[in-house]
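The values are calculated or read from the model by the stated rules, or taken from the named source; none is laboratory data. Bear in mind that the values here come from a model prediction, so they are computed numbers and not experimental data. Neighbour counts run over all protein chains shown; Cβ positions are idealised from the backbone, glycine included.
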Amino acid sequence: MRQPVYFISHGGGPWPWMPDPANNYAALTTALRGIPAALPQPPRAILMISAHWITRDRLKITSHPQPGMVYDYHGFPADTYELHYPAPGSPRLSARLKDLLSAKNIPISEDSRRGYDHGAFVPAYIMYPKAQIPMVQLSIEAGFDPSWHHALGAALQPLRDENILIVGSGLSFHNLRSFGPAAREPSALFDAWLQEALVDTTPDQRQDHLRHWDDAPAARICHPMEDHLTPLFVADGAAGKDTASCFHHETEFFGGLTISSFRFG
């Protein structure tokens, strides 16, 4: 059975381990916890494309059988730098990824030292708190080109029929200088465009919309740098001709942000 593809808004920092901030994440928690039950079968492994791993010229994949942790956040309590999400890696999936992407002339190499960053281990922890599903991370390319990342996603499509769950982990709004009430209107405008571009179109139209995402209302206010949108381009490519649906949507995130997450297939 073919697995769906997800693009999730993963939130900020190590929020599940901080009781007060976690209160702001009730809707996202419910959405992520619901993913395992919505799958056709438990996945053999998760392929996580996180906005927090950016490489230039050559993509990288984690290949350690038991990856460590990357605490890529700042200013949080000391105990959040001792967290451990013990999901195993999958050298088998890493090797398969290398073969798939090399066949498409996409430069790729394995990284046996890289651990899970918070764009990966935070949503994975909510989805699978027992860390029983192996996980591999794939980087995004520093040029953030939508068409290039769509082609990358298309190269990953065979994994869906091999019981691999592909998750693009970013944020539908990511402007750290404009959180809170000032972002209410621009985040709502961009989200409305995103809903139309992904859900209310054909897959071909969807790809074209995403290729020109920066023409959308308030696009560069919501994404001054498109690192957190780029996993969506990969997810769209991996989705192929499958339709999209919004499975997580809220309009008062952190005092007024509109954010969403999407499922393809």
### Message
Step by step: first the residues of the stretch 241-256, then only those that are farther than 19 Å from R184 by Cα and among the charged types (D, E, K, R), then the one that is surrounded by the fewest Cβ atoms within 10 Å (Cβ to Cβ). Which residue is that?
### Response
K241
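Take the residues of the stretch 86-143 that are polar (S, T, N, Q) and in a loop (DSSP other than H, G, I, E, B): which is nearest to G68 (Cα to Cα)? If you could, list the steps in order and put the result at the bottom.
At the first step, the residues of the stretch 86-143 found to be polar (S, T, N, Q) are 90, 94, 102, 105, 109, 112, 132, 137, 139.
When the remaining residues are screened for being in a loop (DSSP other than H, G, I, E, B), the result is 90, 105, 112, 132.
Working: S90: 13, N105: 29, S112: 10, Q132: 15 Å.
Here the answer is S112.
Where in the stretch 1-85 are there helices (runs of 4 or more DSSP H), lying fully within it, with 2 or more residues that are under 18 Å from F264 (Cβ atoms) and modelled with pLDDT of 95 or more? Talk me through it step by step, then tell me what you get.
Working: elements: 19-22, 26-33, 35-38.
So the answer is 26-33, 35-38.
Residue by residue, here is whether (1) out of contact with any strand residue (DSSP E or B) (no Cβ under 7 Å at 6 or more places or on another chain); (2) within 22 Å of L156 (Cβ to Cβ) holds:
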| position | (1), (2) |
| --- | --- |
| A188 | no, no |
| T201 | yes, yes |
| D204 | yes, yes |
| I221 | yes, no |
| P224 | yes, no |
| D227 | no, yes |
| L232 | no, yes |
### Message
For the stretch 69-91, give me each residue that is in contact (Cβ under 8 Å) with a residue 24 or more places away in the chain and among the charged types (D, E, K, R).
### Response
D72, D79
### Summary
Taking first residues from the stretch 157-185 that are crowded, with 17+ Cβ neighbours inside 10 Å and second residues anywhere that are hydroxyl-bearing (S, T, Y) and assigned to a helix (DSSP H, G or I), the pairs with Cβ under 6 Å that are 6 or more apart or on different chains are F173/S187
